[in-house]
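Any read-out appearing in this document is the output of simple, stated calculations on the displayed coordinates, not a laboratory observation. Please read these numbers as outputs of a predicted model, since none were measured by experiment. Cβ placement follows ideal geometry from the backbone for every residue including glycine, while neighbour counts extend to all protein chains displayed.
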Amino acid sequence: MTIMHLKRKQSGHAALLFAMLIPTLFGIFTLASDGARALQSKARIEDAAEVASLAIAAHNAENKDSTGIGSGSLTNRKIATDYIEQYMVDMTQVSDLKIYKHNCEEISECREGLTRGEARFFQYEVQAKTKHTSWFPGNDAIQGFGETFDVAGAAVARKYQSEAVDVVFAADFSGSMNGGWGGSSQRKYRDLIDIIKDVTVELKRFNDLEDGNDNKIAISPFNYYTYSTRSDNNKKKCDLSQDYYSRGSFDAKTTVDNLWKEKGNETSYNHCKGKNNKLQFKDLFLTSDFSAFNTSVGSFYPNGGTTSYQSIIRSAQMLRKGVNSRRLLIVISDGDDSGYFKTYHQSLVQEGMCTKILQGLGTGMSSDGKPIRARMAVIGFDYEPKNNKALQNCVGAKNVYKAENRDEILNQILELITEEIGHLK
């Protein structure tokens, strides 16, 4: 056999061997391309889930169901979807998305921590799966990734309270709060008293753990008016009105212009409207003596109609005297303002009452040198507060919450007290 013939024979073997290796080589190429792409997509969806969980924790919308039941759940799903779409640029769809929001009682680690005196937290979990079209799906002869492949990711964020807060409740103690409701076997006002007591337990827990400023709490109960100490005489209290009138008609502009003025018996106008609420309730000013505070609140009793703006203004005046870097004004009510007071409230909001309150509360520095931040929120006690346009326009739609039972109200208040953004677990 000649050398030339041997070379031709070996060339034929090499060509045959190369042809046999093509599927294997293509499989390796597929792994190097679609495989690397899948690994990259896996890393990106993990990043997207982390950012989405933090954003949902910061937004703090309701989350009735992981699949999107309820307006808050739909908001959370949109937040998560928007972040995933930004990160997963080559996906064809979000094939599975679940969002969970858990309070402390639903998390064994948190429950056990409370028994050891540790801080309460809320937990937000995002689970997502995305579908992608393969670049090299393969066929009967060549191995590939198939037509599509999925990647999944998950992340958990937690919210704790990190800074002391001054909290003032503008609390509805009108006659309707003496009624029963579906959220408990008690009358509404009794549940409200118990909820406020539970809030102080959590505020005290923070005070006991931290060495800085203490959380403080105050309350301005209301029906038609609040009941408080007159500014012109520290020993006298009365049913206090914030209203100003001009030529016999309610003057919204003058009322807003004098928003920060604590009312008494002025020469031009008497803001004391009697002492009908003397035995019902009274303003309690910012304090960290939660035991004495709860004793006083425990004796409050509902009566009369509803004028929430009276308490909003009074609560703002009280909250402005706080020393902490966070200020929180929470309106809790079970219904709309009574009669013509509803129109008064609307006109006050149009005149900028709530904008002026937030500006006045959210300026300056705290006693420990931090910038002061302020927030207002409304919680509907067994009613839809978004139907109260004055309140919704006052605090903003994202700060209006409906609660249908005692635990929902308590957890919503505690979430408002926790810090504005979360931390990854």
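Might you report the magnitude of the Cβ-based charge dipole of the chain about its Cα centre, with Lys and Arg at +1 and Asp and Glu at -1, to the nearest 20 debye? If you can, show how the numbers build up before the last one.
Values: 53 positive and 52 negative charges, 139 e Å.
Dipole of the chain, to the nearest 20 debye: 660 debye.
For a straight C-alpha distance cut-off of 16 angstrom, the lysines reachable from Lys275 (same-chain residues fewer than eight places away being disregarded) are Lys235, Lys236, Lys237, Lys263.
Fully extending the segment from Thr355 to Ser268 would add 28.6 nm, taking 0.36 nm per residue of separation and subtracting the current Cα-Cα distance. Here the simple spin-label model places points 7 Å from the Cα toward Cβ, and for Ser108 and Gln86 these points are separated by 3.6 nm. Proximity of backbone amide H atoms, modeled 1.01 Å from N, is registered between Gln161 and Glu419 at under 5 Å, excluding neighbours fewer than 5 places apart on the same chain. Averaging the Cα positions of each part gives two centres, and for the stretch 275-352 and the stretch 179-207 these lie 16 Å apart. Close lysine pairs were tallied over the stretch 289-410: pairs 8 or more places apart or on different chains with Cα atoms under 15 Å apart number 6.
More than 25 Å apart: what percent of Cα pairs in the stretch 75-194 qualify?
On the way: 4136 of 7140 pairs.
Result for the distance tail: 58 percent.
With r as the distance between the Cβ atoms of Tyr301 and Glu46 and R0 = 60 Å, compute the FRET efficiency 1/(1 + (r/R0)^6) and round to 0.05. About 0.65, to the nearest 0.05. Along the stretch 362-374 the Karplus relation, 6.51 cos²θ - 1.76 cosθ + 1.60 evaluated at θ = phi - 60°, assigns HN-Hα couplings of x, 10, x, 10, 6, 5, 9, x, 9, x, 7, 10, 10 Hz to successive residues, with x for each Gly and Pro.
Rg and Dmax of the stretch 166-217, based on Cα coordinates, read 14.1, 42 Å. Bin width 5 Å, origin at 0, all Cα-Cα pairs of the stretch 182-306: what percent of pairs per bin? Over the stretch 182-306, the share of Cα pairs per 5 Å bin runs 2, 9, 16, 17, 16, 14, 12, 8, 4, 1, 0, 0 percent.
Around the amide H of Lys402, modelled in the peptide plane, lie the amide H atoms of Gly380, all under 5 Å away and 5 or more residues distant in sequence or on another chain.
Just one of (1) 1.23; (2) 0.99; (3) 0.97 is Rg/Rh (Cα atoms, Kirkwood Rh) calculated from these coordinates, so which is it? Computed from the coordinates, Rg/Rh (Cα atoms, Kirkwood Rh) corresponds to (1).
Are there any helices in the chain, counted as whole DSSP H runs, that stretch 27 Å or more along their axis by Cα and score at least -1.0 on average by Kyte-Doolittle, and if so which?
Numbers: long enough: 3-30 (39 Å, 0.83); 36-59 (34 Å, 0.22); 188-209 (32 Å, -0.35).
Those that clear 27 Å and a mean of -1.0 are 3-30, 36-59, 188-209.
FRET efficiency for the Ser162 to Arg247 pair, using the beta carbon distance and R₀ = 56 Å, is estimated at 0.65.
Based on the alpha-carbon set only, what is the convex hull volume of the stretch 288-349 divided per residue, in Å³?
Numbers: hull volume 6.7 nm³, N = 62.
Taking the convex hull of the Cα positions in the stretch 288-349, it is 108 Å³ per residue.
Taken one residue at a time, the phi angles of the stretch 326-333 give Karplus couplings (6.51, -1.76, 1.60, θ = phi - 60°) of 10, 10, 10, 10, 10, 8, 10, 8 Hz. Gly and Pro are set to x.
In what order do Thr306, Thr115 fall by count of nearby beta-carbon atoms within 10 Å, going from fewest to most? Mind showing how you got there, number by number?
Numbers: Thr306 24, Thr115 7.
Going from sparsest to densest Cβ surroundings: Thr115, Thr306.
Database remark: amide H of Gly304 closer than 5 angstrom to the amide H of Gly175 (H placed geometrically; neighbours at sequence offset of 5 or more, or on other chains; Pro and chain starts carry no H).
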